[in-house]
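Contents: one structure, followed by commentary.
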Amino acid sequence: MTKKFKNIFLAVLPALFFLGAWQWFVHGNQRLEFLFASPSLVAQAAWAEFGHATIWNDIFVTLGEAALGLLSGTILGTVAGLLLWGNGKIDKITRPYIVFFGSIPIFALAPMTIIWFGIGLASKVVMAGFAVFFISLLQAYEGAHAVARQYFGFARSIAAPNARVVWKIVVPGAIDWVIAGYKMNVGAALVGAFIGEFVSSEAGLGYYILKASALYDVPRVLFGILLISLLGIAMTSAAWLLQAWRKTGS
Amino acid sequence: MTPLLSAHRIEKSFIKPDGGKLAVLDGIGLDLFAGEIVCLLGASGCGKTTLLRILSGLDTPDAGSIDSAIARPGPQIGAFSQNDLLLPWRTTAANVALGMELTGHGTKQARQAAMDALQQVGLGGFETHYPAQLSGGMQQRVLLARIMALRPKLLFLDEPMSNLDVLARRDLATLVKNYVREEEAAALVVTHSVEEACFLADRILFVTRPPARLSGEIRLADDKADGILARGEAMDAVMRELWRTLGAAA
């Protein structure tokens, strides 16, 4: 228990030190406070904002966009990855296209998605989903290959039909890879949703930060950034739940 | 008595990276009779694993023929290799049931066969353990149970005792022997270990350095007790024959 406590203390220590130094650095200097805000000013802004319904709305809008994009991108990417693994012909034909589309910076797509899908939820989900799709595809593809290498010998020797091999070995075996991809993709999904909001939106944390920065309200900008990071942590912990559910006794 | 499998003049060569031919198997012929365990003993890299792949139907020979009433590959083939792995996300019982599930048996029937096979390898009570919770020797036995659950007639074992301590080796040898005798099956074991061969075999065939040919045969006396000591004396003769085989080809 004491060791656990000590570890928590050691983990929190750098943050405390940083916050303290920050507070001390800007203390009593209005110009510095204006430019860099301070932990206490951010806390004050947070306190004030949490009283309003709008910040909660912004949080849930961004969470919804990123989560829907993450989910749809992961599912579509995984299915596509398994498909490419299963069919060498499709794999060969689509490879250059995947590289082509995968190299498009998500930023460049934002204007088009707004034109095609409007300034509401749909365009942000598409942005987040696009940002997630390619890593999911690669993870499922690589995962299936690794599973095949490790576990196929037995299935081949008893002449098991392919459909059953895929269903009983490849799909469950690739799940770990998909979960790993999901963790990497949490950040990408948030970036996708956030950029969509930045380009054009009426709500969400991107919109909130954009609005605050237009007013040079540094504490609220920093508060918005903090909220996005917390969303990232919340979405990553969903992966921990998935992994806990899939126990292997190790 | 007709053999369960009869191979005639099997030849196999591979194309080297420089385009040249690498002859691996040079006219290997052997018979496997019901109720016997045959060991192929030779140096590492002499093509034993290639021969097993060909005999179990996973690869085709360049020349030669194989006669057997048993479908290869097929559910009556029990192939076991040192590289085989259990599925880490399945419990012991579910791992053993895998072969049954893959060959189209119902879940209930697969489950029952798995329970029986686990009893047979002495792992009753470990049904709900995951592979990560088992020792290396126990995992080998689960892999063996996975094969036995399908009641195969032909066992192809590729260095089944590597990584096992002496007690686990004795257990595994007893298991294989009992199975082969009771089920009227035949087992072909390939190994580079004199000890492993002496533990298991009724007959030992010696394999030359590549391109592999069979050079001699030693028949071991049937051991009624847990014959390690009786087999110890045979080891001398086997060792001498092995040196002669390897020396002759060098």
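Of note:
- Most mobile listed residue (A:GLU197, A:GLU65, A:GLU142) in chain A, GNM with C-alpha springs under 10 Å: A:GLU142
- Area projected by the alpha carbon convex hull of segment A:131-194, averaged over all directions, nm²: 4.3 nm²
- Options B:ALA7, B:GLY47, B:PRO17, ranked by Cα towards positive dipole end of segment B:4-54, top entry (Cβ charges): B:PRO17
- Residue separation of A:MET112 and A:LEU242 scaled by 0.36 nm, minus their Cα-Cα distance, works out to 43.4 nm of gained length.
- Gyration tensor (alpha-carbon) shape descriptor, segment A:1-72, a/c threshold 1.5: oblate
- Adding -39500 (n - 2.57) for every DSSP H run of four residues or longer, then dividing by how many residues the protein assembly as shown holds, sets the calculated 222 nm ellipticity at -20500 deg cm²/dmol.
- Simple point charges give the picture: +1 on the Cβ of Lys and Arg, -1 on the Cβ of Asp and Glu, and for segment A:104-250 a dipole about the Cα centre of about 600 debye.
- The B:THR174 and A:LEU32 beta-carbon pair, evaluated with R₀ = 60 Å, returns a calculated FRET efficiency of approximately 0.15.
- Normalised contact order of chain B, rounded percent, pairs of Cα under 8 Å and 6 or more residues apart: 27 percent
- For chain A, built as a Gaussian network whose Cα springs stay under 10 Å, the top-fluctuating residue of A:ALA48, A:ALA131, A:ALA234: A:ALA48
- For chain A, modelled as a GNM whose springs connect Cα atoms under 10 angstrom apart, the maximal fluctuation among A:LEU205, A:LEU190, A:LEU32 occurs at A:LEU32.
- Inter-chain shielding of A:142-154 (mean C-beta neighbours from other protein chains, 10 Å cut-off): 3
- Evaluated at q = 0.10 Å⁻¹: base-10 log I(q)/I(0), Debye formula over Cα of segment A:54-249: -0.48
- Peptide B:97-106 is shielded by partner chain Cβ atoms: per residue, an average of 4 of them sit within 10 Å of its Cβ.
- Total charge dipole magnitude, chain B, about the Cα centre, Cβ charges on Lys, Arg, Asp, Glu only, Debye to nearest 20: 360 debye
- Cross-link table A:LYS168/B:LYS21; A:LYS6/A:LYS183; A:LYS183/B:LYS16; A:LYS3/A:LYS183; A:LYS92/B:LYS153, entries beyond 32 Å C-alpha to C-alpha: A:LYS168/B:LYS21; A:LYS183/B:LYS16; A:LYS92/B:LYS153
- Candidates A:ASN185, A:ALA122, A:PHE60 compared by Cα position along the dipole of chain A: farthest toward the positive end lies A:ASN185, with charges placed on Cβ.
- Under Karplus coefficients 6.51, -1.76 and 1.60, residue-wise ³J(HN,Hα) of segment B:50-55 in Hz, glycine/proline x: 4, 4, 4, 4, 5, 5
- Rg then Dmax, both in Å and based on the Cα atoms of the protein assembly as shown: 31.6, 102.
- All Cα-Cα separations within segment A:27-165 were binned at 5 Å from zero, giving a P(r) of 2, 8, 11, 13, 12, 10, 10, 9, 7, 6, 5, 3, 2, 1, 0, 0, each value a whole percent of the pairs.
- Added length on full extension, which subtracts the Cα-Cα distance from 0.36 nm per residue, B:GLU217 to B:ASP62: 53.3 nm
- Here is the list for segment A:147-237: chymotrypsin sites (Phe, Trp or Tyr not before Pro) lying in DSSP coil, each with at most 11 other C-beta atoms within 10 angstrom of its C-beta, are A:TYR216.
- Multiplying each eigenvalue of the alpha-carbon gyration tensor of segment B:11-170 by 5 and taking the square root yields semi-axes of 31, 18, 15 Å, largest first, rounded to whole angstroms.
- Dipole magnitude (debye, nearest 20) for chain A, charges at Cβ of Lys, Arg, Asp, Glu: 1140 debye
- Residues with amide H under 5 Å from that of B:CYS39, placed H, sequence gap 5 or more: B:VAL189, B:ASP202, B:ARG203, B:ILE204, B:LEU205
- Two-site label geometry, A:ILE75 and B:GLN133: point separation in nm, points 7 Å out along Cα→Cβ: 3.3 nm
- Inter-chain Cβ neighbour count for B:183-195, averaged per residue, equals 0 (cutoff 10 Å, partner chain atoms only).
- Between the listed residues A:SER38, A:PHE101, A:LEU83, the Cα displaced farthest toward the positive end of the dipole of segment A:2-104, a dipole computed from Cβ unit charges relative to the Cα centre, is found at A:LEU83.
A short reminder: the numbers here are calculations on the coordinates, not readings from a lab. Since the model is a prediction, treat every value here as computed from it, not as a measurement. So basically every Cβ, Gly included, is an ideal-geometry build from the backbone, and we count neighbours across all protein chains shown.
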